[in-house]
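The values are calculated or read from the model by the stated rules, or taken from the named source; none is laboratory data. For clarity, every value in this text was computed on a predicted model and none was experimentally measured. Cβ coordinates were reconstructed from backbone atoms using ideal geometry, including for glycine residues, and neighbour counts include every protein chain displayed. The area values use the complete protein model at the heavy-atom level, side chains included, leaving out ligands, DNA and RNA. Shrake-Rupley method; radii C 1.70, N 1.55, O 1.52, S 1.80 Å.
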Amino acid sequence: MRSAFMVTGPIEKFVAEEKGLPTRDELIELLHNEVVEVTFTKLDGDERVMPCTLQAKYFPDPKKESTQKHDNVVAVWAIESKGFRSFRYDRLKAIKILKEE
């Protein structure tokens, strides 16, 4: 069941374009190919900047891949904390592709 606040389909694309962001699906595809710095608002209202990816080469056990269980939540590998973290797509404020070292 989807939340009443979940934005999907053409509306999601419109909101993403208005914010200058990729859609959730586009973001997940980008994360599979790049290391991305995401800026989002945490549930407690604090802003968080997190370098992250979905590239299996960063995972300690590449067989354990993140699963995207909820439509509005994006689960990622956090580069600095070396663990899976998640954020709500609707709280995403900015993204920046980072160069790999």
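Label reach from Arg85 (point 7 Å along Cα→C-beta): in the stretch 24-53, amide nitrogens under 14 Å belong to 36-53.
Solvent-accessible surface of protein heavy atoms, probed at 1.4 angstrom with all chains present, puts Ile28, Ile79 in the order Ile79, Ile28, largest first.
Here the 3J(HN,Hα) profile of the stretch 81-95, calculated from phi with Karplus coefficients 6.51, -1.76 and 1.60 at θ = phi - 60°, is 8, 6, x, 6, 9, 9, 8, 7, 4, 5, 9, 5, 10, 7, 9 Hz, Gly and Pro shown as x. Residue-wise HN-Hα couplings along the stretch 51-58, as the Karplus relation 6.51 cos²θ - 1.76 cosθ + 1.60 with θ = phi - 60° gives them from phi, are x, 8, 7, 10, 6, 4, 5, 8 Hz; Gly and Pro carry x.
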